[in-house]
Structures are given as structure tokens and as C-alpha cells.
Amino acid sequence: MKHKIKLYYILPSAAQTVNKNKILEYEFLDKKPEVGDVVYGKIIRLGQHTQIENKNGRLHTITEGSKGLFVFGNRYAPDYYEGFVPDIINGEVDLIARSGVVGKVHAKNQQINEPTVVKVLGYIIDKNNKIINTKDYNTILPNKKEKIITKRSKLILNIGTSMNSGKSQSAAACCSVFSTLGFNVRFSKITGTASLKDILNAQDKGAQIVNDFTFMGYPSTYMLEEEELLNIFNSIDLKYANNSKNYWVVEFADGVLQRETSLLLKNKTIKNRIHKLIFSADSAFSAIGGITILKEKFGLVPDVISGVCSSSPLSIRELKEFANIPVVNNINPNIKEFFEILK
């Protein structure tokens, strides 16, 4: 039985490509959920997440009884959860990201709380009685007249040792350098779990265009096939990195050992596309180990070391004993020196 959705509800960033005029009714259906399926639900137990990020980046404080849309997806986050889309809906699911991604927690970091729980009231149904799925709402469809050209925007790729190693801050620092010196810079996050925080930070630092995988309808990229990952990369590349005078700053989420990041770093097309490689690490020791893995497993050598360790003089001293790679502070970089490395 269909029900009309009441006026007030939270439209989360994981469903940011879905227009509100498409959201009219919901119905509880005995159907196996799929990545991208949008449901209507309410919070029935607060846990780790006490806020939900909406499609504009605002954080809504939630309480038991708060209602909103939620999107089924997988998540890989060593500091939080590993979660998957369940085979069936038993009425309750876990909020595995504050962007509105739901699933069932498979493993969690012991330093965080149990997940916030959502009661699923039903799937969102469009006027044609079709379940709304975010993957059907792609805003980065390339212009068919566009052709891949040899001379493209210079790709500055940001990768790291793991979650919270400082990748996003390093990428934002790149955007700040280029925009300060008058260059047109775009920022894209190719993998991860839906969250507007990182791309909005890059925008604040001067990126003229920002986007990520959610613009193509993916609530997350965990467990996507290599072909889908490459399609995300290539589609964004084709649409927004087609001017050789511009810079394209890109981030791959999590660490180099993470499945999707590893798949992309092994790809010859992407490796050949890199202009400069920035490697962020949380400590000198992890940076040294990461440099070794990058070389042995992927045949890559970073042009810059940055991240959390770059703010510590002692970490920089330790690092320089083992690696002759420039270290750049990603919080307060020297604009001219950083540009000389990146240009």
C-alpha cells in the first residue's frame, strides 16, 4: 500500500542528485535492496551518528523519531564501519554514514559506538511505480560531442596510507596553491562514501568545480567492479578535465591497500594519466612503509609526502632519514615552493 510522504523530511547528501519533485510516495515492498535504492524511514535508536548531512551540506541534528530518506550502500571505513547492503529488509537497518547511507554493519572500530538504527517505512516510488535508485540520476553524463584529447588538464593525484591520513587536506592545499596563483582548478573525489565535507572544503580553497562519485548516483564505491570505477574516473575526466591549461586535483579515498584504490592504482591508463602524485601519511613510519608498497606493488614513486605527518617537525626529521622526497605541510604550505613541485 502506498503512502504519501509528509512535507518535512531530511533529503541526505547520498541522494543529492534526486530532485525533490520525484519524491512523492513510499511503499513497503518485499524486495531485496540494491545499492542506490532510496527508502523512507525514521530514527528509532541513536548511536554513533547524531547528525545527517543534507544535499546542501548542512548537518541536521537528529533524534529518535526524525524522518528522512536513506540510501542503501556499502561502506569501508577503518575508523568507523564496514557495512553492506543486506539481502533482506527486516524493518531495521544501520545508519553507516551521516550522509544517509544505510546497510548492515559487518565490522566496526571498537573505539566508536554502535550504529544509529533506522526503521524502514518503505521504498520511494516514482509516478511510474518504479523504485527510485540514485544510480538512475547521473548528473555527469558527458557531452556526446566531447572527444578524449591527448593534452588534458594536469592530474594531481592524492592518495594516502589510510582513512584520516590527511589526503583531503592535502588536496585542498593543492587547490589553494593553484587558485592563489590564478590557475583554473577542479577537484574530484573518485572513491569513498558519500560526504560533501571534502569537496566543499576544496571549493572553499578555490576549486572552481567540485564533484565526486555521488554526482553519478553512487552512494559509495565500496565493492564496485573495476569497470564501474574506471567509468566514474573517465566520465569526470572527460567532462571536467578537458583543458590543458587547467589543473585537475583528484583524491582516491582510504589507503593504498584498500580494494578500490588498489584497483585504480594498478590501472595503466590511470597511472599514465598522473602528472604529480601526493602521498599523505599519519606518521613517518607509515609514510616510509607506504613508499615501499607504492614502488613494489604499483610501480609508483610519490612526488610529495604530506598529510598528518607533515605538521610535525620530528616526523619530517625521521622521514628524511629514509626518503629523499619533498615533504609539504598541508595546513600551511609555502605557495611558491609547492607550486614549483606541482607545475
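For segment 291-316, which residues satisfy the criterion of being touching a Phe, Trp or Tyr at 6+ places or on another chain (Cβ under 6 Å) and either β-branched (Val, Ile, Thr) or at pLDDT below 95 (or both)? It would help to see each step written out before you state the result.
Step one: list which residues in segment 291-316 are touching a Phe, Trp or Tyr at 6+ places or on another chain (Cβ under 6 Å), which gives 302, 305.
Selection gives ILE305 alone.
Of note, LEU155 does not satisfy the criterion of being hydrophobic (A, V, I, L, M, F, W, C), over 22 Å from PHE70 (Cα atoms) and modelled with pLDDT under 95. Checked against the criterion of being within 23 Å of LYS271 (Cα to Cα) and not polar (S, T, N, Q), the candidates ILE190, ILE131, ILE124 yield just one match: ILE190. Just checking, does segment 286-306 include any residue being over 24 Å from SER176 (Cβ atoms), basic (Lys, Arg) and without any contact (Cβ under 8 Å) to a residue 40 or more places away in the chain? Scanning segment 286-306, I find at least one residue that is over 24 Å from SER176 (Cβ atoms), basic (Lys, Arg) and without any contact (Cβ under 8 Å) to a residue 40 or more places away in the chain, so the answer is yes. A single member of ILE199, ILE232 is within 9 Å of the chain's Cα centre (by Cα) and either of a type in the set (A, V, I, L, M) or assigned to a strand (DSSP E or B) (or both), and it is ILE199.
Taking segment 196-215 only, how many residues are in contact (Cβ under 8 Å) with a residue 40 or more places away in the chain and among the aliphatic types (A, V, I, L, M)? Don't jump to the end; show me each part of the working.
Keep residues of segment 196-215 that are in contact (Cβ under 8 Å) with a residue 40 or more places away in the chain, which gives 196-198, 200, 202, 207, 211, 214-215.
The next check asks that each one be among the aliphatic types (A, V, I, L, M); those that pass are 196, 200, 202, 207.
So the answer is 4.
Checking each residue in segment 153-179 for being outside any loop (DSSP other than H, G, I, E, B), within 14 Å of the chain's Cα centre (by Cα) and among the polar types (S, T, N, Q) picks out ASN158, SER168, GLN169.
Could you say which residue among SER262, SER286 is at pLDDT below 95, farther than 19 Å from ASN201 by Cα and polar (S, T, N, Q)? Working first, answer last.
Numbers: SER262 fails: at pLDDT below 95.
Just one listed residue meets the conditions, SER286.
Under the condition of being assigned to a strand (DSSP E or B) and among the basic types (Lys, Arg), the residues counted in segment 76-100 number 0.
Look at (1) out of contact with any helix residue (DSSP H, G or I) (no Cβ under 9 Å at 6 or more places or on another chain); (2) closer than 29 Å to GLU225 by Cβ; (3) not polar (S, T, N, Q) and you find that LEU257 fails only one, number (1). Note on segment 63-97: among residues that are in contact with a strand residue (DSSP E or B) (Cβ under 6 Å, 6 or more places away or on another chain), surrounded by fewer than 20 Cβ atoms within 10 Å (Cβ to Cβ) and among the acidic types (Asp, Glu), the one that is farthest from PRO115 (Cα to Cα) is GLU64. One residue alone among GLY103, GLY41, GLY65 is at pLDDT 95 or above and not in a strand (DSSP E or B), and that residue is GLY65.
Taken together, THR161, THR180, THR193, THR221 contain a single residue that is of a type in the set (Ser, Thr, Tyr) and surrounded by fewer than 17 Cβ atoms within 10 Å (Cβ to Cβ), which is THR180.
The values are calculated or read from the model by the stated rules, or taken from the named source; none is laboratory data. Note that the structure is predicted; figures quoted are calculated from it, not measured. When we count neighbours, we look across all protein chains shown, and the Cβ atoms used for this are built from the backbone with ideal geometry, even at glycine.
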